[in-house]
Amino acid sequence: MLSMQLQIVCNWTAPVAKAGHRRGPGFASQPALSHSRAMNESMIQKPDYETALREAGVRITRPRRVILGILSDAEDHPDAMEIFKRSVAVDSSISLSTVYRTMKLLEGIGAIHRHAFEGGPSRFEPAVGEHHDHLIDIETGDVIEFHSERIEELQQEIARSLGYDIVHHRLELYGRRRRKK
């Protein structure tokens, strides 16, 4: 029996070109993000980045607190520029370099995962919740989280047959929605 959970967490829309035509397939160089509610909220746990950084000995400044709040409330996989835009809307004194430094700190302590999805900027998500993989729609930029026991078992079987234990893995599928005939 195939057991799979799906969750669309981000809709990454390419900018509209002149005369109302969308750009061709692939990722937009400067995406505009829109957000959708998680289909399965049981998979999402709100991370406490501030506590994680304090435990790592990092001082929490006002700009950093704003950035952590933005990340904690995010229901998508924002990139650094999107985090910056959201942060500046709250506190105009926040710099892009502060965003990058904060993301590097969070990644360094294992509080976030950085994804370098093909053709786009690095995007971030909390390092909490159940393991999942990603399907990226190459035309819209939608990031769809999914979990399949069948895929997990197959990966374990392959690693065992080659004499390995899996320590970490990441699966990213890139696709285009099927057209109805």
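One chain, two ends: LEU135 and ARG170. Fully extended at 0.36 nm per residue, the span grows by 11.5 nm beyond their Cα-Cα distance.
Taking the alpha-carbon distance from LYS85 and a cut-off under 15 Å, which aspartates and glutamates remain once sequence neighbours fewer than 8 residues away in the same chain are dropped? Qualifying aspartates and glutamates at Cα under 15 Å: ASP73, ASP76. A Förster radius of 30 Å, combined with the Cβ-Cβ distance separating GLU107 from ARG178, puts the computed FRET efficiency at roughly 0.30. Each Lys or Arg adds one and each Asp or Glu subtracts one; over the other residues with Cβ under 13 Å from the Cβ of ARG101, this totals +2. Counting only Cβ charges, +1 for Lys and Arg and -1 for Asp and Glu, the dipole size of the range 70-147 around its Cα centre is about 580 debye.
As a calculated quantity, the FRET efficiency between SER161 and ALA116 at R0 = 22 Å, using C-beta atoms, amounts to about 0.15.
Can you classify the range 42-117 as rounded, prolate or oblate using the Cα gyration tensor, where a ≥ b ≥ c are the square roots of its eigenvalues, rounded means a/c under 1.5, and otherwise it's prolate if a/b beats b/c and oblate if not? Rounded shape, in that the Cα axes give a/c under 1.5. For ARG64, neighbours were defined as the other residues whose beta-carbon sits under 10 Å from its Cβ, and their charges (Lys and Arg +1, Asp and Glu -1) total +3. For ILE166, the shell of other residues with beta-carbons less than 10 Å away shows a net charge of -1, using +1 for Lys and Arg and -1 for Asp and Glu. Taking the centroid of alpha carbons for each part, the range 50-104 and the range 105-181 are 24 Å apart.
Taken together, the values in this text are just the output of simple stated rules run on the coordinates, not laboratory data. All values derive from a computational prediction rather than experimental measurement. Glycine also receives a Cβ, built like all others from the backbone with ideal geometry; neighbour counts cover every protein chain displayed.
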